[in-house]
Amino acid sequence: MKEQEIASLFSLDNRVAVITGGTRGIGLEIARIYALAGAKVVVSSRKKQGVEEAAETLISQGAESVLPVAANVSSEDDLENLVQETMNWAGKVDILVNNAGTNPAYGHLHDIDRKAWDKTFETNLNSAFRLSQMAFHAWMKDHGGSIVNTASVAAFNSTPMLNTYNITKAAMVHMTRAMAQEWGPYGIRANCLAPGVIKTQLSRALWDGPQGEEAAGKMPLRRLGEVQDLAGAALLLASDAGAYMTGQYIVVDGGELIAG
């Protein structure tokens, strides 16, 4: 295989990618790497100012075509608008990255407030299903595509005080497998990224301070993850390099799971 052919495997030229939770952390890094690979990127999050600033950042880093769309993933109307704005702008949705996430439910399961439980499921799981379903009907059922869901190594562990979050991520892994099975005949691939502790705002409580140093010391790679550590895996799942991958999860955790 020639060098040009290898490069083309990871090219996203002429593809349109929608990324939720795309204004910072993992989502912003995925948007950046997709844009540099040639994709037209729709970056979405709750606040208009946030998505506009993210779009400016991406363009300053080399992105050529970015559409900022503010959308609260808990709102059915906002999700419908996100898909419609994308279709109006680019005419298609080739790649969907369900990255929006939250973790307001901290505590033992027997004490978790119902509202916190519902909000965690609404943001982490339900919205990803609804948006995927909308993308399916708007474009992917007739043209194929790639869905990338951001899960977590938390899907494979029980963690006292954080188990509500863990349960949503475990459900996302299974939902991804179900999507892959049912939508594969339409040319749609569905896969998961399963990050370990990545140094983002959402995970700050796990790494900012002595607890972070202690956790890093237990890792086989002896460090915690940075958002750029996810770039290669995210690009693989969206590009032709991963054309025969579906229903899978890629763990990017510095060896956290094998460390026990």
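Quick notes
- The range 143-260 - Rg over Rh from alpha carbon coordinates, Kirkwood radius: 1.01
- The range 113-204 - convex hull of alpha carbons, volume per residue in Å³: 103
- The mean sequence distance of close C-alpha pairs (under 8 Å, at least 6 residues apart), as a share of the length of the chain, puts its relative contact order at 18 percent.
- Per-residue packing, averaged as other Cβ atoms within 10 Å, sorts the ranges 57-65, 182-190 into the order 182-190, 57-65, beginning with the highest.
- Residue pairs, from the table Lys92/Lys169; Lys119/Lys141; Lys48/Lys141; Lys40/Lys199; Lys48/Lys218; Lys47/Lys169, whose Cα atoms sit over 32 Å apart: Lys48/Lys218
- Here, P(r) means the percent of Cα pairs in each 10 Å bin from 0 to the largest distance; for the range 1-75 it is 22, 48, 21, 7, 1.
- The base-10 log of I(q)/I(0) for the chain, evaluated at q = 0.08, 0.14 Å⁻¹, reads -0.29, -0.94 [Debye formula, identical scatterers on Cα atoms, solvent excluded].
- Along the range 42-55 the Karplus relation, 6.51 cos²θ - 1.76 cosθ + 1.60 evaluated at θ = phi - 60°, assigns HN-Hα couplings of 9, 9, 9, 6, 5, 9, 4, 4, x, 6, 5, 5, 5, 4 Hz to successive residues, with x for each Gly and Pro.
Since every read-out is calculated from the coordinates, none of them should be taken as a lab result. Please read all numbers here as calculations on a predicted model, not as lab measurements. Reconstructed Cβ throughout: ideal geometry from the backbone, glycine too, with neighbour counts over all protein chains shown.
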